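Trainee: Below is a structure I'd like to ask you about.
None of the figures in this text is laboratory data; all of them are computed from the coordinates on show. The shown structure was predicted, so the numbers you read here are calculated from the model rather than taken from an experiment. Quick reminder, even Gly has a Cβ in these numbers, built from the backbone with ideal geometry, and neighbours come from all protein chains shown.
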């Protein structure tokens, strides 16, 4: 597979061979007037990583990706690709997108509707001044890699969404970029195709040996695909680490409530008489001083339904998951999810009681910052 | 950035310079006297106030008539089960492509009476007594303008109504509203912007139209602002003409300004359309035959009938008489002292042949120039978001000519380019000034088509070319232009047709060195050679309609990836 993809010639880019981190962001920021879309982020990933920029809409992840691609310029900080500075807010350096050795798959795929599939893939090579024979050979290679060789003569309007997606990926891969950028590439596919394409993308990522950056708001995609996740919020990185890091040691209440299937429960409480209390309900001993406002994290698997449980919830939904059952309810303004082995008895809309362990899985302060040692 | 600056500069020369010239001229001593004459002197009544009143009356009548006729037909065709929808839709879209003087000439051919002597119309010739109000002045002028401009209202309103998707209306019905209630509460508000803006457009056109009042009013001294303006300049009272131009621009500008104020806040309705779904049509029941009959009559009266009248009368041996035999003389005849003072048939007349060639050439040149400008404006305005000043200036400049009636713009071009500027020679009387004036005149249409056709190309399509390393020229040439081709071509044809049939802009600019069909027609008509005028009008109509048909073919060929 590797041979089919990497032609004999070195990649036609100026990024050069990678030494040290493949991607480095240093204090990167992008301001629009008074508002900061990206508010000073730092991260660094090695060659071959699969970096996922995760976060809710408006968190700055797409802006970060577009700055990596070179479609937008940072107003501060620096971007280094393979050790080379390609954009700097202070020094005003901007290497144009075509010379960064990066390829981008757009959310809408952005296939040129007036060019056939083959022309779509070949045109970037023509701009890169490859001769006709090499262009044809290369295009044939990537179309075969993506399993769409038989669509070569069709126009984008004549193929399905999933096939368009493959063409967009083939077009990106053709110039052999060292960095693959994906802007929510699966959001326009149906659920089944999405799962299949996830595996396909990982296969391509491994086959090319390139470094990938992938933007999504879907934490499942992040958890299944990433080697590195940067969970973003309000233009900053809330937590950067491996998927396991984020799941096991969430740095904030926001992270805890964002990742995981189901995500962890985060309940507001206050310390009184050396114990955590939530609306008068005793949730266990606390080492913190009285009067402290806290957010207690309990994983769904740490909670159980129990008629004698301390916490009362109102059941809102229950769904099967991998042979077990998820039951969700509300307690005050917080959502509570419990994992049960058997189909739960409580009726939707009726109250149920939940047993809470003595020690929460994590404790955050009122602003969501972690208080106990992670 | 560079593209933006260059485009802004070109627009400034095209639009701002002539206007500045116009204003500057009227501020010299002669000009100031003219202001006094026009606005506050014993002459004012005749020079300004009466023509203004007449213009406003015609404008109101044109707007109201167009709204009723065009809006009503659009409603019938889109929302009801009226018969022959295709035929009605096709015919209703035609009058706008025809020269506005075609209908005036046809009217004259039928209704002219003997008030001013000379030839008389068909009906009078058959012994009927045609009252003056039916033959001359406000009624025939308004009627012919309505017959011309309702077409625009029809197209705009029909498009807006078609944009009201079925589920939007069904949502209203599900909520328990009656069909009529749904029509009034949902459909009407959605098409209101189209209705109001097309009515005000018709008003502005009615106020400033030249051809109809010149043919149906001027002979009996029924003056409007535009005929007064033309009269002043062609009789050497240039400053008075310029002052009238400025006043005419002011009237048109106020109307259009009000229209954007009125419609502007509602424009967001245009984007409120539901998802697809078939629209169920209103069943007319027993009114169906009557409605069909009324609609067919209306479109026939404004297209087939005038065309037939013009064509037939161009063969009439005796002017405006279908009973004294027919002849091909006015088309192909050699010089014969017995006919039309020895003039040859239009197809043998070198002046007409030359005018036809010049007209087509002018149409092509202006279409090409305006399309390039429109593309540049569209590209800069939709893509250069980083420079709001440039884009705002371009938007403003490109829509400014919309406020300037053709005849006033012609006057402005004479004021600015009529004499040498520095090393540049005077352009008056050259082909160049016609092209430049034409490009300025049609700029709003070209810019609009440029904006919409570039605007509908998703930014990501171009960004993906940026990612491939393509520079701006390459992106324009390989991505933007091919994808915008359909819209640009349609815009280009609109410009071509507008130029070929235009009289008001060119009537002041044309000299014997650069004859144009519309001006030749007007001259023949005002000299009483009805058959020649009608014959040439038929030629103009044929060119316009031919161009439209050809453009449809070309559009199909230009984008093979569509409709496969």
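Trainee: Once you put a point 7 Å from the Cα of residue A:140 and another 7 Å from the Cα of residue A:292, both along the Cβ direction, what distance in nm separates them?
Mentor: Here the modelled spin labels are 6.9 nm apart.
Trainee: Using the basic label-point model (7 angstrom from Cα toward the beta carbon), what is the residue A:34 to residue B:87 distance in nanometres?
Mentor: 6.5 nm
Trainee: In whole percent, what relative contact order does chain B give with Cα contacts below 8 Å and a gap of six or more residues?
Mentor: Here the relative contact order equals 21 percent.
Trainee: Roughly what angle does helix A:117-127 make with the longest principal axis of chain A, taking Cα atoms, 0 to 90 degrees, to the nearest 10?
Mentor: It is inclined by approximately 70 degrees.
Trainee: Calculate, for residue B:12 and residue A:85, the FRET efficiency according to 1/(1 + (r/R0)^6) with r their C-beta to C-beta distance and R0 41 Å; round to the nearest 0.05.
Mentor: Working: r = 41 Å, r/R0 = 1.00.
Here the calculated transfer efficiency is 0.50.
Trainee: Efficiency by 1/(1 + (r/R0)^6): what FRET value for residue B:43 and residue B:234, r their Cβ-Cβ distance, R0 = 22 Å, to the nearest 0.05?
Mentor: With R0 = 22 Å, the Cβ-Cβ based efficiency is 0.80.
Trainee: Let me check against my output: what whole-number percent is the relative contact order of region A:39-121, with C-alpha pairs under 8 Å and at least 6 apart?
Mentor: Computed value for region A:39-121: 17 percent relative contact order.
Trainee: Also, I was wondering about something else. Most mobile of A:181, A:28, A:326 per a Gaussian network model of chain A (Cα springs, under 10 Å)?
Mentor: Checking each option, the largest mean-square fluctuation is seen for A:326.
Trainee: Expressed in nm to one decimal, what extension gain is obtained for the pair residue B:192 and residue B:554 from 0.36 nm per residue of sequence separation less their Cα-Cα distance?
Mentor: Length gained, residue B:192 through residue B:554: 127.0 nm.
Trainee: Would you mind checking the tilt of helix A:132-145 against the longest principal axis of the Cα atoms of chain A, expressed as 0 to 90 degrees and rounded to 10?
Mentor: 30 degrees
Trainee: Which FRET efficiency value, to the nearest 0.05, is calculated for residue B:317 and residue B:354 with the Förster distance at 22 angstrom and r the Cβ-Cβ distance? Working shown, then result.
Mentor: Numbers: r = 27 Å, r/R0 = 1.23.
The calculated FRET efficiency here is 0.20.
Trainee: Then there is this: Along the Cα-to-C-beta direction of residue B:324, a point sits 7 Å from the Cα; which residues of region B:114-157 have their amide N less than 14 Å from that point?
Mentor: The answer is B:118-127, whose backbone nitrogens lie closer than 14 Å to the label point.
Trainee: For the protein assembly as shown, what does -39500 (n - 2.57) per DSSP helix run (n ≥ 4), summed and divided by total residues, give at 222 nm, in deg cm²/dmol to the nearest 500?
Mentor: For the protein assembly as shown, the value works out to -16000 deg cm²/dmol.
Trainee: At residue B:250 and residue A:248, where each label point lies 7 Å from the Cα along Cα→Cβ, what is the point-to-point distance in nanometres?
Mentor: 8.2 nm
Trainee: For helix A:191-208, report the angle its Cα long axis makes with the longest principal axis of the Cα atoms of chain A; keep it between 0 and 90° and round to the nearest 10°.
Mentor: Long axis of A:191-208 versus the principal axis of chain A: about 60 degrees.
Trainee: Also: Got the relative contact order for chain A handy, in percent, Cα pairs under 8 Å and 6 or more residues apart?
Mentor: 15 percent
Trainee: Among DSSP bridges having both ends in the protein assembly as shown, what percentage is antiparallel? Round to the nearest 5.
Mentor: Working: 65 of 84 bridges.
For the protein assembly as shown, the DSSP antiparallel bridge percentage is about 75.
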